[in-house]
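J.: First, the structure itself, so that you have it in front of you.
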Amino acid sequence: MPIERTLSILKPDATARNLTGKINAVLEEKGLRIVAQKRLRLSRRQAEAFYAVHRERSFFGELVEYMVSGPVVVQVLEGENAVAYHRDIMGATNPANAAPGTIRKLFGESIERNAVHGSDSPENAEKEIRFFFSDIEIVAA
Ligand code: ADP
Ligand code: MG
């Protein structure tokens, strides 16, 4: 399987509850490597741009408010089939529907406050990684 990179975000509910280490322990135990990482606060403009695909959805305004409500950790994960594999490890968008052992089942609070983001395709992963990182910030093993 191809080695891929994907964008991971530890969302404001995760940083607020001091869960960044626990979530990253799951990702690393499952074999994904964190090859870039930074903690930041999204501006409203950045959050709107990042989630532009959802701008017509009813929850868009709330989603943006939530994403700017506290710090996030953005990171690049690397591994075999990393995009789809990371989505499996994250679990379903709604923690109530997420499989046992997934990050959203373990740590998600609600369909909105669901602890983590992960790119949903290799094309989007490329775009989302570029949104936050330059080449010199990504350091492979
Ligand atoms: P995913 O993060 O699993 O790819 P989506 O791309 O559909 O899910 O949605 C992006 C984010 O918007 C979700 O992770 C969640 O934080 C929020 N969200 C999705 N659906 C809802 C909803 N029905 N109500 C409130 N927030 C939602
Ligand atoms: Mg999505």
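Read the figures in this text as sums done on the coordinates, not as results from a lab. Worth saying up front: this structure is predicted, and the values here are computed from it rather than measured. Every residue, glycine among them, receives a Cβ derived from its backbone with ideal geometry; neighbour counts consider all protein chains shown.
J.: Being free of Cβ contacts under 8 Å to residues at least 12 places away in the same chain, of a type outside the set (K, R) and farther than 20 Å from S134 by Cβ: is that true of N81 here?
T.: no
J.: Counting only residues that are among the polar types (S, T, N, Q) and assigned to a helix (DSSP H, G or I), which one in the stretch 17-31 is nearest to P100 (Cα to Cα)?
T.: Per the criteria, the residue is N24.
J.: Then there's this: Where residues in the stretch 42-67 are hydrophobic (A, V, I, L, M, F, W, C) and in a loop (DSSP other than H, G, I, E, B), which of them is surrounded by the most Cβ atoms within 10 Å (Cβ to Cβ)?
T.: Here the residue is L42.
J.: Can you tell me which residues in the stretch 95-108 are out of contact with any strand residue (DSSP E or B) (no Cβ under 9 Å at 6 or more places or on another chain), surrounded by 15 or more Cβ atoms within 10 Å (Cβ to Cβ) and part of a loop (DSSP other than H, G, I, E, B)?
T.: Result: A98, T102.
J.: Let me spell it out: the conditions are (1) of a type in the set (V, I, T); (2) within 12 Å of the chain's Cα centre (by Cα); (3) away from ligand 2 (no atom under 14 Å from the Cβ); (4) over 14 Å from K11 (Cβ atoms), and V83 meets all of them except one. Which number is the exception?
T.: That leaves (3) as the condition not met.
J.: I would also like to ask the following. Hey, could you check the stretch 58-94 for residues that are within 20 Å of E48 (Cα to Cα) and of a type in the set (S, T, Y) and say which is nearest to ligand 1 (Cβ to nearest atom)?
T.: T93
J.: Looking only at the stretch 19-39, which residues are over 19 Å from R87 (Cα atoms) and touching a residue at least 40 places away in the same chain (Cβ under 8 Å)?
T.: The answer is K38, and nothing else.
J.: Do you know which residues across the stretch 109-141 are under 24 Å from E4 (Cβ atoms), outside any helix (DSSP H, G or I) and within 15 Å of ligand 2 (Cβ to nearest atom)?
T.: Correct list: N114, A115, V116, H117, G118, S119, D120, S121.
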